[in-house]
Amino acid sequence: MKVGRESPEELRERVKKIIKLLREHYPHSRTALHYETPFQLLVATILAAQCTDEKVNQITPLLFKKYPTIADLARASQAEVEAIIRPTGFFRNKARNIIAAARSIMEEFGGEVPDRIEELIKLPGVARKTANIVLSSAFRRAEGIAVDTHVRRLAHRLGLSSAKDPNKIEQDLMAIVPREDWLDFNYLLVDHGRAVCQARHPLCNECFLRSLCPAAAEMAAEKAGEQK
Ligand code: SF4
């Protein structure tokens with residue numbers, strides 16, 4: 001593998017091989033957040049910031065039982081929403097954002113979650129990552145690639161982007177990932193990031209992407225250095 005001197009065509013070919021292997025190993029890759037409507041996914045994704053999906057899945061049934069519709073949440077009291085979502089962390093901001101997003105959907109979008117990225121990112125608390133999750137999972141629309149902590153880490157290790165800014169990483173990925181794979185790319189990398197390419201201790205020796213990953217050799221050298 002000659003990542004440093006890789007041509008754009010070679011990089012695209014390598015990405016296709018990476019995606020093929022990821023799909024073989026994670027055939028059911030999808031968001032781990034539980035939801036029944038686009039709005040529920042939007043709320044769950046806002047709550048998932050700096051929190052685990054498991055914790056969010058424990059909280060959202062209580063929240064949606066108390067506020068079954070977007071209109072209900074738009075009328076909710078900040079203090080009551082805070083009390084329910086408190087375990088997800090940053091609960092004041094999150095409560096403010098989900099109530100404000102519900103109001104905005106009622107007042108500006110006729111009570112329907114918009115299905116265009118340029119409209120979704122106008123909602124309070126919704127940046128491109130959240131918008132891409134909602135679009136790809138709830139609407140099956142490929143308008144971008146959600147860049148979260150797993151995607152960022154794996155994009156760097158796999159030599160797909162060296163950018164720090166998530167929006168720039170997304171642009172780099174959109175230029176090399178085939179559009180038909182945009183919907184699942186985030187979930188595939190999240191699954192691999194959780195199962196194998198973990199932040200602190202990537203399991204390079206067991207990784208099926210090893211022969212396609214420029215970081216594999218660096219990680220092995222680092223480990224050898226630690227053991228000396
Ligand atoms: Fe991550 Fe190592 Fe696999 Fe590369 S070889 S994707 S760094 S686990």
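Bear in mind these aren't lab numbers, they're just calculated from the coordinates by the rules spelled out. On a predicted model such as this, the values are computed, not experimentally measured, just so you know. Every residue, glycine among them, receives a Cβ derived from its backbone with ideal geometry; neighbour counts consider all protein chains shown.
Want the number for GLU6 to SER211: 0.36 nm per residue separation, take away the alpha-carbon distance, what's left?
72.3 nm
What are the membrane-span-like helices in the chain by this rule: whole DSSP H runs, Cα extent along the axis at least 15 Å, mean Kyte-Doolittle hydropathy at least 0.5?
Going by DSSP H runs, there are no hits.
To the nearest 500 deg cm²/dmol, what mean residue ellipticity at 222 nm is calculated for the chain from DSSP H runs of n ≥ 4 alone, each contributing -39,500 (n - 2.57), summed and divided by the residues?
Rounded to the nearest 500, the figure is -17000 deg cm²/dmol.
Once label points are set 7 Å from the Cα along Cα→Cβ at both LEU62 and LYS122, what is their separation, rounded to one decimal in nm?
So the label points at LEU62 and LYS122 sit 3.4 nm apart.
Of the trypsin sites (Lys or Arg not before Pro) in the stretch 137-172, which ones lie in a loop per DSSP and count no more than 14 other C-beta atoms within 10 Å?
Here the sparse-neighbourhood loop sites are ARG140, LYS164.
Net charge within 14 Å of PHE90 by Cβ-Cβ distance, Lys/Arg positive one each and Asp/Glu negative one each, not counting PHE90 itself?
+4
For the stretch 15-75 and the stretch 77-117, what is the separation of their C-alpha centers, rounded to whole Å?
If we compute the Cα centre of each part, the gap is 15 Å.
Among the aspartates and glutamates, select those whose C-alpha is under 20 Å from the C-alpha of LYS17, and discard any that sit fewer than 8 residues away in the same chain.
GLU6, GLU9, GLU170, ASP172, GLU180, ASP181, ASP184, ASP191, GLU206
ARG23 label point, 7 Å along Cα→Cβ, cut-off 16 Å on backbone N: hits in the stretch 178-208?
So the set is 178-189.
Given a Förster distance of 25 angstrom, what is the FRET efficiency for GLU218 paired with ARG140, based on the Cβ-Cβ distance and rounded to 0.05? Please list the in-between numbers first.
Numbers: r = 37 Å, r/R0 = 1.47.
Once the sixth-power term is evaluated, E becomes 0.10.
By how many nm would the segment from LYS16 to ALA32 grow when fully extended, if each residue of separation counts as 0.36 nm and the alpha-carbon distance is taken off?
Length gained, LYS16 through ALA32: 3.3 nm.
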